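S.K.: Quick one: structure below, then a few questions.
The values are calculated or read from the model by the stated rules, or taken from the named source; none is laboratory data. All of these numbers come straight from a predicted model, not from anything done at the bench. Methodologically, a virtual Cβ is constructed for each residue, glycine included, from the backbone with ideal geometry; neighbour enumeration extends over all protein chains shown. Note: accessible area is taken over every heavy atom of the protein model, side chains too, but ligands, DNA and RNA are not part of it. Shrake-Rupley method; radii C 1.70, N 1.55, O 1.52, S 1.80 Å.
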Amino acid sequence: MSGNFSNFIDLLSYRASAQSEKNAFTFLGDGETVTESFTYYQLDERARAIATHLQSLSATGKRALLLYQPGLEFIAAFFGCLYAGVIAVPAYPPRANRSLERLQAIISDAEADFALTTQSLASTIEGKLTSYLSTESIHCITTDRIETHLATQWQPIAPNEENLAFLQYTSGSTGMPKGVMVSHGNLIQNARAIERYFQDSAQSIGVSWLPPYHDMGLIGGILQPIYVQAAMTLMPPVAFLQRPLRWLQAISRDRATTSGAPNFAYEMCVAQVSTEQRETLDLSSWTLAFSGAEPVRADTIERFTEAFAPCGFRKEAFYPCYGMAETTLLVCGGIKETLPILKTFDGKALEQNQIVSADAPENGNVTLVGCGQIGDEQKVIIVNPATLKQCSSNEIGEIWVSSQSVAQGYWNRKNKPKKRLKLMSPTLKKGHF
């Protein structure tokens with residue numbers, strides 16, 4: 001049924017009608033205790049109320065910053081923007097004693113007219129939010145004070161696939177953050193791809209602590225569960241970082257099937273979850289433990305599997321994958337519930353951009369983890385960045401991706417998005433990354 005929709009507005013509206021009482025999201029405020037939840041109807045109603053308020057301010061077509069602590073109000077505000085035809089701009093909210101440089105760069109680049117947040121956040125962060133936004137002539141809206149009864153006054157919209165849904169700002173780790181222009185069509189196309197790769201369904205159960213401001217947390221942890229009608233438990237990132245056990249406890253308690261994180265999270269679990277704590281966990285339901293957003297390390301897979309095998313975790317559950325904001329989220333993934341593909345290469349040859357197989361991970365050799373296959377819906381080639389020609393077999397180059405998931409470009413920049421990463425070229429034509 002999800003494949004019949006061309007945007008998430010129509011999809012969520014349908015969910016609110018056909019599965020109105022099904023719980024969509026549960027939020028663990030401290031990582032352990034349920035503090036709030038949304039059924040599909042409640043989420044749709046809150047989104048329509050926020051959209052009505054935005055429409056009354058003639059905000060359609062304009063940009064709105066989303067400045068929220070992790071929680072369900074962020075999700076309502078994001079969909080409120082979609083429902084109003086407002087281009088959402090998720091961003092980390094300002095924090096005490098932290099630089100506002102990144103937020104200022106996003107505000108200036110996005111040329112936002114509105115900032116959506118909560119009353120508590122607007123009034124408690126040392127005046128940083130309101131004082132800075134006022135200088136930029138941005139209308140600050142506290143969405144948790146918007147009356148829900150306004151939902152009945154919402155004027156439905158019908159975006160086409162090319163209309164922008166939101167701006168996904170890059171980390172800015174190698175320069176100023178850039179706003180990736182993600183359209184409604186990009187979101188639906190990538191959701192379909194993730195469904196094919198992950199094979200999740202309405203019976204799936206997810207858990208996520210990933211930040212909702214970035215693609216993996218937002219698209220993978222919030223939009224994708226709605227697409228497949230899976231139940232989702234969320235917690236703040238800080239709850240995991242302070243006590244990694246909370247992530248695994250939620251998976252164990254909820255009998256979650258799908259959850260994942262960057263490689264470092266699995267390392268934290270190995271290092272910080274004690275033998276006694278492991279004895280309280282049952283991870284046998286966890287059939288897809290995706291790992292992405294940073295290099296997936298073979299030794300991490302081995303250590304995590306060894307540590308949590310007594311809890312029922314199986315190595316086959318590990319699901320290395322690769323994606324980036326410029327392709328909405330996912331580019332490639334493996335075959336569910338099959339062993340990760342590990343292969344060892346000559347380390348010196350890799351430094352010369354050459355692929356030479358090796359027998360053992362010693363003497364400077366490097367074991368790499370395969371990140372899956374390329375689906376029929378997209379084309380991926382490996383290109384020499386100096387000559388801009390496709391690499392021959394056993395050469396390393398840049399990944400070039402062409403698909404309906406590739407975003408429309410960077411906001412206020414003429415060039416199409418291009419993100420560089422060295423990877424093996426023998427993976428073309430459905431080969432393994």
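S.K.: How about the stretch 384-398: which of its residues are open to solvent by less than 80 Å² (accessible area, probe 1.4 Å), at negative phi and touching a helix residue (DSSP H, G or I) at 6+ places or on another chain (Cβ under 9 Å)?
M.R.: Scanning the stretch 384-398 gives CYS391, SER392, GLU395, ILE396, GLY397.
S.K.: Given the criterion in contact with an Asp or Glu (Cβ under 8 Å, 6 or more places away or on another chain) and part of a helix (DSSP H, G or I), identify the matching residue among ILE222, ILE188. Lay out the reasoning, then the answer.
M.R.: Working: ILE222 fails: in contact with an Asp or Glu (Cβ under 8 Å, 6 or more places away or on another chain).
From the options ILE222, ILE188, the qualifying one is ILE188.
S.K.: Given (1) crowded, with 21+ Cβ neighbours inside 10 Å; (2) touching a helix residue (DSSP H, G or I) at 6+ places or on another chain (Cβ under 6 Å), where does PRO320 come up short, assuming only one miss?
M.R.: (2)
S.K.: Among the residues in the stretch 232-243, are any within 21 Å of PHE25 (Cβ to Cβ) and of a type in the set (D, E, K, R)?
M.R.: no
S.K.: I'd like to verify a number: residues in the stretch 363-372 that are crowded, with 19+ Cβ neighbours inside 10 Å and outside any loop (DSSP other than H, G, I, E, B), how many? Break it down stepwise before answering.
M.R.: Filtering the stretch 363-372 for residues crowded, with 19+ Cβ neighbours inside 10 Å gives 368-372.
The next check asks that each one be outside any loop (DSSP other than H, G, I, E, B); those that pass are 368-369.
Total satisfying the criteria: 2.
S.K.: Please specify each residue of the stretch 214-262 satisfying the condition of being open to solvent by less than 10 Å² (accessible area, probe 1.4 Å) and closer than 20 Å to THR170 by Cα.
M.R.: GLY217, LEU218, ILE219, GLY221, ILE222, LEU223, ALA261
S.K.: Please enumerate the residues belonging to the stretch 64-80 that are open to solvent by 10 Å² or more (accessible area, probe 1.4 Å) and either of a type in the set (S, T, N, Q) or in a loop (DSSP other than H, G, I, E, B) (or both). Full working, then the answer.
M.R.: The first filter runs over the stretch 64-80 and keeps only residues open to solvent by 10 Å² or more (accessible area, probe 1.4 Å), leaving 69-71, 73.
Correct list: GLN69, PRO70, GLY71.
S.K.: With (1) open to solvent by less than 10 Å² (accessible area, probe 1.4 Å); (2) in a strand (DSSP E or B); (3) of a type in the set (Ser, Thr, Tyr) as the list, and TYR83 as the residue in question, which single condition is left unmet?
M.R.: So the condition that TYR83 fails would be (2).
S.K.: Among THR338, THR305, which is hydroxyl-bearing (Ser, Thr, Tyr) and surrounded by 16 or more Cβ atoms within 10 Å (Cβ to Cβ)?
M.R.: Numbers: THR338 fails: surrounded by 16 or more Cβ atoms within 10 Å (Cβ to Cβ).
Matching residue, one of THR338, THR305: THR305.
S.K.: Name the residue that is farthest from GLU362 (Cα to Cα), counting only residues in the stretch 296-307 that are free of Cβ contacts under 8 Å to residues at least 40 places away in the same chain and touching a helix residue (DSSP H, G or I) at 6+ places or on another chain (Cβ under 7 Å).
M.R.: ALA307
S.K.: With the requirement that a residue be under 25 Å from LEU368 (Cα atoms), touching a strand residue (DSSP E or B) at 6+ places or on another chain (Cβ under 8 Å) and at pLDDT 85 or above, what does the stretch 390-433 give you?
M.R.: Residues satisfying the conditions are GLN390, CYS391, ASN394, GLU395, ILE396, GLY397, GLU398, ILE399, TRP400, VAL401, SER402.
S.K.: Go through the residues of the stretch 159-167 one by one and say whether even a single one is on the phi < 0 side of the Ramachandran plot and touching an Asp or Glu at 6+ places or on another chain (Cβ under 6 Å). First the steps, then the outcome.
M.R.: Within the stretch 159-167, the subset on the phi < 0 side of the Ramachandran plot is 159-167.
Now restrict to residues that are touching an Asp or Glu at 6+ places or on another chain (Cβ under 6 Å): none.
No, because not a single residue in the stretch 159-167 is on the phi < 0 side of the Ramachandran plot and touching an Asp or Glu at 6+ places or on another chain (Cβ under 6 Å).
S.K.: Could you grab me the full set of residues in the stretch 31-43 that are assigned to a helix (DSSP H, G or I) and open to solvent by 10 Å² or more (accessible area, probe 1.4 Å)?
M.R.: Step one: list which residues in the stretch 31-43 are assigned to a helix (DSSP H, G or I), which gives 40-43.
Once the filter is applied, which keeps residues that are assigned to a helix (DSSP H, G or I) and open to solvent by 10 Å² or more (accessible area, probe 1.4 Å), the stretch 31-43 yields TYR41, GLN42.
S.K.: Right, next: Tell me, which residue of the stretch 14-30 that is in a helix (DSSP H, G or I) and open to solvent by 40 Å² or more (accessible area, probe 1.4 Å) is nearest to GLY217 (Cα to Cα)? If you could, list the steps in order and put the result at the bottom.
M.R.: Residues of the stretch 14-30 that are in a helix (DSSP H, G or I), as a first pass: 14-18.
Keeping just the survivors that are open to solvent by 40 Å² or more (accessible area, probe 1.4 Å) gives 14, 17-18.
On the way: TYR14: 23, SER17: 26, ALA18: 26 Å.
Filtering the stretch 14-30 for residues that are in a helix (DSSP H, G or I) and open to solvent by 40 Å² or more (accessible area, probe 1.4 Å), the one nearest to GLY217 (Cα to Cα) comes out as TYR14.
S.K.: Determine which single condition ALA293 fails, assuming it passes every other condition in (1) in contact with a helix residue (DSSP H, G or I) (Cβ under 7 Å, 6 or more places away or on another chain); (2) more than 26 Å from GLY334 (Cα to Cα); (3) open to solvent by 70 Å² or more (accessible area, probe 1.4 Å).
M.R.: Only one criterion in (1) in contact with a helix residue (DSSP H, G or I) (Cβ under 7 Å, 6 or more places away or on another chain); (2) more than 26 Å from GLY334 (Cα to Cα); (3) open to solvent by 70 Å² or more (accessible area, probe 1.4 Å) is unmet by ALA293, namely (2).
S.K.: Just name the residue that is modelled with the lowest pLDDT out of those in the stretch 122-163 that are open to solvent by 80 Å² or more (accessible area, probe 1.4 Å) and assigned to a loop (DSSP other than H, G, I, E, B).
M.R.: Here the answer is GLU126.
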